[in-house]
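Step one of this worksheet: look at the structure below.
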Amino acid sequence: MSKLTPEQRLQRAHVQLMRSSQFCMLSGILMLGKNEVVDDVPTAATNGRDKFYGRAFMEHLTEKELNFVVAHENFHVLYQHLTLWKGLYKENPRVANMACDYVINQQIADLDPTRTLVEPPSIGVLLDEKYRGWDSGMVFKDLLNNPPQDDDGQSDGQSGSLDDHDWQSAEGMSEGEAKELAKAVEQAIRQGEILAGKMGGNSPRDLGMIPEPKVDWREQLRDFVNSITSGRDCTTWRRPNRRWLAQDMYMPSAYSESVGPIVIGIDTSASIDQIQINEFLAEIKSIAEDTPPERIHLLYWDTEVAGEEVYEQSEYATLTQSTKPMGGGGTDPTCVKTYVDAMTTKPEIVLMLSDGEVWGEFPDFNVPTIWGMTTDRQAPNATNIKLH
């Protein structure tokens with residue numbers, strides 16, 4: 001099929017993807033980890049960092065098909081599938097593989113709809129437009145509820161996958177190694193974003209880089225919670241102390257060591273661009289990691305609550321990947337107050353992230369409130385934090 005060696009063909013695929021406006025945002029990811037042609041992989045594989053391509057498999061791929069496979073493996077790394085979705089693998093390995101592949105393959109197909117650069121191989125590619133815009137967790141749940149039929153008509157959820165996902169190697173990473181990989185991926189995304197900007201290339205919203213947070217939320221929330229709980233009993237039976245649960249002992253937790261459910265309202269009005277939204281998401285990511293609340297009610301608002309997402313602690317690791325920002329109108333935060341007033345269980349804290357350019361007055365939520373703003377505006381009856 002080609003006089004080039006498999007290694008040379010792999011290198012050419014990398015160059016073609018990096019030079020294309022559709023896939024240049026993958027440039028940093030393409031250079032991350034190992035990229036090797038091997039004899040012991042049936043098709044292709046990744047451990048979440050390194051990418052491997054079967055020598056025999058490559059012999060049967062056209063140039064466009066190989067480009068598709070290379071993009072596929074690198075999207076797995078970019079989305080951090082093997083570390084962020086380990087829980088899916090533990091529940092059902094085959095369906096987890098399928099869910100991740102459906103997300104990636106639709107993304108690739110949408111980036112090159114005319115198939116000028118990439119083309120799905122004739123077998124093993126799971127594609128369904130139904131899953132456009134979904135994350136792997138959503139697809140996983142749908143596949144469990146609606147098992148796809150195999151070629152023989154059996155609805156057992158055992159359909160194939162284009163590649164191998166080395167979940168075991170990813171699961172064997174220490175916490176420190178996983179964090180280092182996440183940092184490396186974030187840096188690679190930044191590199192790809194810079195190149196995409198220079199080339200006028202694609203930069204899908206869900207690939208937007210999440211910058212480093214600017215606020216030490218561990219300190220801010222600890223001090224804030226201590227201030228609003230002063231005068232209360234120092235412990236509560238409402239939330240059991242997790243340190244003792246492992247020993248089958250139900251003990252109260254101290255107010256200062258945990259935060260109850262919180263509402264976070266992100267301003268998505270017309271004056272807020274994608275860079276600012278990513279900055280707001282960086283702050284939420286920091287809160288979820290450093291001072292995980294009992295539950296997060298994440299609201300996107302302009303003149304109304306345009307999007308509502310509720311996250312439990314087990315879902316915090318994938319929050320920035322699965323969230324779907326919505327909005328784009330005016331700026332009236334009273335819509336968030338209406339939402340809070342209607343809640344059956346009141347949040348312990350309301351955190352509003354905005355540029356502060358609101359219509360009318362800042363509402364009083366009648367709940368301890370923090371306003372994090374990118375401007376110098378100050379909201380009354382609230383703690384104000386400057387985000388820049």
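Near Ile385, the amide H atoms lying under 5 Å from its own belong to Trp371, Gly372, Met373; only residues 5 or more places off or on other chains count, and H is placed 1.01 Å from N.
List the GluC sites (Glu not before Pro) within segment 317-388 that DSSP assigns to loop and that have no more than 14 neighbouring Cβ atoms inside 10 Å. Loop-located and lightly packed - Glu361. Annotation: peptides 31-39, 292-300, ranked by per-residue average of other Cβ atoms within 10 Å with the highest first, follow the order 292-300, 31-39. Sequentially through segment 67-76, phi angles give Karplus couplings (6.51, -1.76, 1.60; θ = phi - 60°) of 4, 4, 4, 5, 4, 4, 4, 6, 5, 4 Hz, Gly and Pro residues having no value and appearing as x.
Among Ser161, Ser269, a tally of other beta-carbon atoms within 10 Å of each Cβ gives an order, fewest to most, of Ser161, Ser269.
What the Kirkwood sum gives for segment 30-143 is a hydrodynamic radius of 14.4 Å, with every pair of different alpha carbons counted. Would you mind estimating how fast segment 6-201 diffuses translationally, via Stokes-Einstein at 4 °C and 1.567 mPa s with the Kirkwood radius over Cα pairs, in µm²/s? Result for D is 76 µm²/s. Listing Thr334, Thr5 from fewest to most neighbouring C-beta atoms within 10 Å gives Thr5, Thr334. Among the trypsin sites (Lys or Arg not before Pro) found in segment 101-144, those both in a DSSP coil and sparsely packed, with 13 or fewer other Cβ atoms within 10 Å of their Cβ, are Arg115, Arg132. In terms of its C-alpha gyration tensor, segment 1-52 comes out oblate, because a/c is 1.5 or above while a/b does not outweigh b/c.
Its Cα centre serving as origin, segment 272-388 has a Cβ charge dipole (Lys and Arg +1, Asp and Glu -1) of approximately 100 debye.
Each value in this text was obtained by applying a stated rule to the coordinates, not by laboratory testing. Just so we're clear, the structure is a prediction, and the values are computed from it rather than from any experiment. Positions of Cβ are generated from backbone atoms using ideal geometry, with glycine treated the same way; all protein chains shown enter the neighbour counts.
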